[in-house]
Amino acid sequence: MHQKTKDNIEKIKKAIEGDAVTVSEIFEKTNVTEANIYRYSSLGYIHLPYKGGLTQFHRGKIPEKKELIHMLLFDEGRTYEDVGERVGLSRESIRSYVKKRGYKERHEEAKKRRKAIKPNLENAIIKFTIKKGYDECVGEAVEYYFDKKRRNRSRLLLKNLIELVKVYKQAEKDGRKLSYKELAELSGIKNTSTVGTALKGMGLKSFYWNVNEPFPRNKEMKIKKINKAIAEGAETAGEISEKSGVPYGSVTYYRDKGYIKMPKKTRKRKYNKTKENLELISIVMDEGAKTAKEISEKSGVSYKNVKYYRREGYIKVPK
């Protein structure tokens with residue numbers, strides 16, 4: 001046997017003599033890999049204290065914490081893993097204890113009670129948190145965060161929402177008018193558009209919007225540009241948009257709401273070439289062209305149009 005293997009086995013035996021029970025605990029104390037621990041165990045060099053079920057170590061430990069284990073299992077309906085973490089045992093040890101003592105049905109009933117209580121408990125906690133938020137003047141943020149319907153797909157964290165409300169209310173108190181961009185920078189939010197959505201969801205209006213003035217501060221400037229473009233001769237929304245630099249959507253929106261008066265739409269008639277084509281065809285026919293193909297080649301009128309004029313009776317050409 002190699003000297004290193006002997007040293008590893010001695011380390012593992014010392015760890016087992018101590019409090020180490022599971023392979024992970026032995027690994028933490030000895031720094032021998034788990035693969036080697038299992039290999040030494042399979043070769044018979046060491047005897048692991050834990051191979052499922054209750055070991056001598058566990059039998060001594062469970063009675064000491066029996067009251068705590070029973071409280072966690074049957075009063076609170078905790079899982080085997082939760083109980084194991086609290087009392088310092090593995091999940092499998094707790095499961096084996098419950099099975100051998102015939103406590104499984106009792107534990108299942110406790111879990112059902114816990115599941116029934118959980119939603120009511122969550123609602124009570126949420127209500128308490130919202131109330132606490134309003135006491136600290138950030139209730140809008142807390143209520144918006146917990147309301148899934150209003151929040152929709154917003155991924156803003158609660159701390160960001162609280163900071164946004166604090167910045168908003170402080171600015172309102174100081175009489176400052178902050179844009180969405182400024183609010184986003186001060187509250188630590190990266191995306192500016194999410195600030196507008198969050199404020200709307202929380203029922204907080206923008207500093208530049210109110211009932212009488214439904215547009216931001218640049219509305220008057222845009223309308224002046226549009227009126228100037230109309231005075232210069234722009235008629236359609238597209239022409240006004242090109243001349244004024246105001247987006248096409250804004251022009252049509254202001255028009256529909258009655259903020260601007262656009263000139264009446266005059267539809268330009270397309271230039272009719274029929275008369276001109278017929279004159280050319282008559283000249284060519286006088287010169288001796290008889291078929292539709294000859295007429296088309298000499299007059300420059302398309303063969304399709306020549307056939308159309310013949311079909312409609314404008315000209316008489318043999319087929």
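Here are a few things to note about the model shown:
- Restricted to the stretch 237-255, and to residues there that are hydrophobic (A, V, I, L, M, F, W, C) and closer than 25 Å to Ser179 by Cα, the residue that is surrounded by the most Cβ atoms within 10 Å (Cβ to Cβ) is Val251.
- Where a residue in the stretch 81-105 is outside the structural domain of Ala20 (by TED's automatic domain parsing) and its partner, wherever it lies, is loosely packed, with under 13 Cβ neighbours inside 10 Å and not in a helix (DSSP H, G or I), with Cβ under 8 Å and at least six apart: Glu92/Gly52; Ser96/Gly52
- Test result for Glu163, loosely packed, with under 15 Cβ neighbours inside 10 Å, out of contact with any Lys or Arg (no Cβ under 6 Å at 6 or more places or on another chain), part of a helix (DSSP H, G or I) and at pLDDT 80 or above: no
- Long-range neighbours under 8 Å by Cβ, at least six apart or interchain, first residue more than 16 Å from Thr197 (Cβ to Cβ) within the stretch 155-184, second among the β-branched types (Val, Ile, Thr) and part of a loop (DSSP other than H, G, I, E, B): Ile162/Val138; Lys166/Val138
- Residue under evaluation Lys112, criteria (1) in a helix (DSSP H, G or I); (2) in contact (Cβ under 8 Å) with a residue 24 or more places away in the chain; (3) buried (at least 17 other Cβ atoms within 10 Å of the Cβ); (4) not assigned by TED's automatic domain parsing to the domain that holds Leu156, criterion not met: (3)
- Where Ala234 falls short, out of the listed (1) outside any helix (DSSP H, G or I); (2) at pLDDT below 85; (3) surrounded by 13 or more Cβ atoms within 10 Å (Cβ to Cβ): (2)
- Residue match in the stretch 44-55 (condition: surrounded by 12 or more Cβ atoms within 10 Å (Cβ to Cβ), at pLDDT 75 or above and either out of contact with any Asp or Glu (no Cβ under 6 Å at 6 or more places or on another chain) or not in a helix (DSSP H, G or I) (or both)): yes
The values are calculated or read from the model by the stated rules, or taken from the named source; none is laboratory data. Fair warning: this is a prediction, and the values are worked out from it, not measured in the lab. Here Cβ is always computed from backbone atoms with ideal geometry, including for glycine, and neighbour counts include all displayed protein chains.
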